[in-house]
Structure formats: structure tokens, C-alpha cells
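Values quoted throughout were computed directly from the atomic coordinates according to the rules given, and no laboratory measurement underlies them. Since this is a predicted model, take the numbers as computed values, not measurements. Heads up, the Cβs are rebuilt from the backbone with ideal geometry, glycines too, and the neighbour counts pull from every protein chain shown.
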Amino acid sequence: MPGYSSGATPSSMSMAELMDASKGTQGLTNMALAHEIAVDRNFQLTKIQPETDLEKQIKEVMQRAFWDILKEQLESDPPVYTQALQLFTEIKELLYSVLLPQHEKLKEKIESILDLEVIQQQIDNNCLEFDKYAGYILNLMGMLCAPVRDEALAALKTETDVVKLFKGIMDTIELMKLDMANFTIQTIRPTIEKESKEYEKI
């Protein structure tokens, strides 16, 4: 989950911690987060950025290496799909991370579309259809994303370079995680404010 700042130190959090903040002081595992939400009505989560230039450089090198390997493998003759399988695995996990507990049917849909065993079978038979999977993934994202991401999705649907397309998909899902977390905060803020006041009376 994207992070928030408590004092000068950036912190990370899980969706479980965020949802837990709405369940009252008995189950509250992240008091700092709950306090920030309760006292700051403009509180929003932001993506944690590398703290130093070195960290930023390392992150950029690692990400570039991932996409360079994917490009190299897909352009080889015959194509190699080990990096592609890793890509689909990560996309599947990212899509799961955007879901709320009530999204059971969407979870089942993701599981059926991004069935890693089926993908592996297609890889073994050298018939992996990247374009088709991209279309499936973009449709799933369209069901989950906030309207603010519609323009980015529309642009991705016109991208013909496979590597750029899937990099855009990954980047957009990361932004969707942030949108979902901030939407959840807005939804549970009244409960957190109420529980915070009750806690302070103790």
C-alpha cells in the first residue's frame, strides 16, 4: 500500500491496517495512521519516494532491467517467456491489492482470466497471446479504476508496443492502489473520528 508520513519518517501500510482503523480502538493496530486521519481532514496517502539519490538510482536501474529483459526475451527467436510469466504474476497480485472485501466476483474473474497454469500451458506451446491478455487486463482495470484514470486507460488501449503497454499497465495499477486507499480513507473517516474521540476520553 502507498505510504503516509508520521513526523519526518515515511511509513508503509497494508489495506488490512487501513480497514482496521475503522473498527474501533479494540482492534486498532496503527494508531499513528488513525490519528493522522482523525485530525487532518485533508489527509491523503502518497506514494513513498526514495529518500536518497542512491536509492532512486537503484530503483530505476532495477525497473529498467526488468523491462529490458522482457523486451530481449520477447524479441529472441524463438521468444522466451520466463519474464512474461513473472509479469503476469505481478499484475495479478497488483489487481488483487486493489480489491475490497466485497469484490469477490471480481476476484474470481481475475483468477479465471489470469490463470497462471493456463498461461504456462500457452508458453509451453509457444502461443501466448499478449494482446488478448492486455485487453482482458485493461477491461478489469476499467471496472476498478476511478474516473480520473479513464484517460490513461484509453491511451493504453492504443499502445502497440508490448513492453510499453505492460509498463503502463503496471504504473496505472499502482496509481489505482493509491486511489482506492484514499477513497477508503474518505469512506471510513467518520468512524475513525468518532472512535478517536472515544479513545481520547479514556
Can you give the net charge of the other residues whose Cβ lies under 12 Å from the Cβ of Gln83, counting K and R as +1 and D and E as -1?
-3
Radius 11 Å from Cβ of Lys92, net charge of other residues (Lys, Arg +1; Asp, Glu -1):
-3
What are the extents of the Cα atoms of segment 63-202 along their three principal axes, listed from largest to smallest and rounded to whole Å?
69, 28, 26
Can you tally the net charge around Arg149? Count Lys and Arg as +1, Asp and Glu as -1, for every other residue whose Cβ sits under 14 Å from the Cβ of Arg149.
-3
Of Met170, Met176, Met62, how do they rank once you tally other Cβ atoms within 10 Å and put the fewest first?
Met62, Met170, Met176
With the cut-off at 28 Å, tell me which of the pairs Lys109/Lys194; Lys157/Lys177; Lys107/Lys132; Lys92/Lys164; Lys59/Lys109 have Cα atoms farther apart than that.
Lys109/Lys194; Lys59/Lys109
Val80 long-range amide H proximity, modeled H, under 5 Å:
Leu74
